[in-house]
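*Asks:* First, the structure itself, so that you have it in front of you.
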Amino acid sequence: MRKDIIASALASLSILLSACENEVGEITFDEEPLMVINALFEAEADSNIVELNLTGVSYATLLCNAEVAIYINGKLAETVTSATDRYVIKSHFESGDEVTLEATSDSLGMKASATCIVPEPLEITGTSTTAITKRVQVHQYDSEYSMEPFRRTLISIDNHTKEKRYYRMTVDDETIYYFGQQTYFDPRPVIRYNYSPVFYCNDDMALTDGRPSADSAADDLVDWLEQAPNQYHIFRSNYFDNGCYTLKIDTQQDENHSVDRLRQTTFKVRSITEAEYNYLSGLQKLDLYSGSGIAENAPIVYSNIKGGCGIFAISTAASTRLDEYNLQRLTKEELDEMMKDKPKNNYAFEQ
């Protein structure tokens, strides 16, 4: 679970609890606290994290020494306790499983729960790439642009059904550069490692919810506010044709051809539940609202937790990886080995 999602969730809950006591009339602050569950699981992960908190007027407080139970298809699979607010879940999940999470704090007399069905992963049926240029906004709120080289990746996907389904796109883009040995007296190889999760999807119909644009940003602030940037890259199957669709994902092109390098780009299309889609959609609207300064009612962030608030959902992933490399002194296998060994000290390493 990513920290930005957790932070946004806690911020949204704080706003909602301070503003939703009454739509009209005096607002009071004597409500009993609620248990907050943040649990966005990945079915293929070796472990997943449940974070428990208590709501407050100005901030949420950690909920420690509670108990989290996981039921799979009605059977108890795991019970976890923790001295912190983080509860590590080791259970494995399969598509179609009905999973229930129950969190209990006997000392506070609290219990909250949620149930979800693990969605079926879609299938990636093909990929292709092409070189393009995009007009990129230099700064978010000015009119200065530059033309930059990009690599467009077309990802063909099939969900094998005409039913309405929900997805989230993620991209992990990693590059390792090899510059040779440090000095004659220090033969350690000098490398630089770069990681970027940044990608553009403004030209994709589904990821822009039917409002694609030729540029990477809106022309002005009003357009930017109306478009509500899809920062969590969620989308629906509304734009699929008989279960099939082709995503358009743009990543910055690497123009450094003077050194050995290996670039590995992993594209993941996560099948998510409707609850996770609604939750992330609410967070996006809340982020937009809090940063715009517009005086209107704050968006309501979705919750599927009974007896508390927050989110519990499990997603499945289909992934594909593209390797792009320039070889002068090393082989692809040697660069690949360096990529795996990057935290070690057998070379001069730069982040």
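*Asks:* How many of the residues making up the range 302-318 are in a strand (DSSP E or B) and more than 18 Å from the chain's Cα centre (by Cα)? So that I can check it myself, show each step before the final result.
*Replies:* Just the residues of the range 302-318 that are in a strand (DSSP E or B), to begin with: 306, 308-318.
After this cut, where a residue has to be more than 18 Å from the chain's Cα centre (by Cα) as well, the list is 306, 308-309.
So the count comes out to 3.
*Asks:* Checking the condition modelled with pLDDT of 70 or more, buried (at least 16 other Cβ atoms within 10 Å of the Cβ) and in contact with a Leu (Cβ under 6 Å, 6 or more places away or on another chain), which residue from Tyr302, Tyr277, Tyr325 passes?
*Replies:* Working: Tyr302 fails: in contact with a Leu (Cβ under 6 Å, 6 or more places away or on another chain); Tyr277 fails: in contact with a Leu (Cβ under 6 Å, 6 or more places away or on another chain).
Among Tyr302, Tyr277, Tyr325, only Tyr325 is modelled with pLDDT of 70 or more, buried (at least 16 other Cβ atoms within 10 Å of the Cβ) and in contact with a Leu (Cβ under 6 Å, 6 or more places away or on another chain).
*Asks:* Got a number for residues in the range 230-274 being closer than 25 Å to Ser213 by Cα and of a type in the set (A, V, I, L, M)?
*Replies:* Selection size over the range 230-274: 4.
*Asks:* Residue by residue through the range 89-104, note down the ones that are outside any loop (DSSP other than H, G, I, E, B), surrounded by 14 or more Cβ atoms within 10 Å (Cβ to Cβ) and not hydroxyl-bearing (Ser, Thr, Tyr).
*Replies:* Ile89, Val99, Leu101, Glu102, Ala103
*Asks:* Can you report the number of residues in the range 51-81 which are hydrophobic (A, V, I, L, M, F, W, C) and not in a strand (DSSP E or B)?
*Replies:* Applying the first criterion (hydrophobic (A, V, I, L, M, F, W, C)) to the range 51-81 yields 52, 54, 57, 60, 62-64, 66, 68-70, 72, 76-77, 80.
Still in the list and also not in a strand (DSSP E or B): 57, 60, 63-64, 66.
Count: 5.
*Asks:* When you scan the range 21-42, do you find a residue that is of a type in the set (Asp, Glu), exposed (fewer than 14 other Cβ atoms within 10 Å of the Cβ) and at pLDDT 95 or above, even just one?
*Replies:* No, the range 21-42 has no match at all.
Rundown of residues vs (1) modelled with pLDDT under 65; (2) not aliphatic (A, V, I, L, M), yes/no style:
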{"site": "Asp219", "(1), (2)": "yes, yes"}
{"site": "His233", "(1), (2)": "no, yes"}
{"site": "Arg236", "(1), (2)": "no, yes"}
{"site": "Val259", "(1), (2)": "no, no"}
{"site": "Thr266", "(1), (2)": "no, yes"}
{"site": "Ile272", "(1), (2)": "no, no"}
{"site": "Leu283", "(1), (2)": "no, no"}
{"site": "Tyr289", "(1), (2)": "no, yes"}
{"site": "Ala295", "(1), (2)": "yes, no"}
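The values are calculated or read from the model by the stated rules, or taken from the named source; none is laboratory data. Keep in mind the model is a prediction, meaning the values are calculated, not measured. Neighbour counts are summed over all protein chains in view; Cβ atoms, including those assigned to glycine, are modelled from backbone coordinates with ideal geometry.
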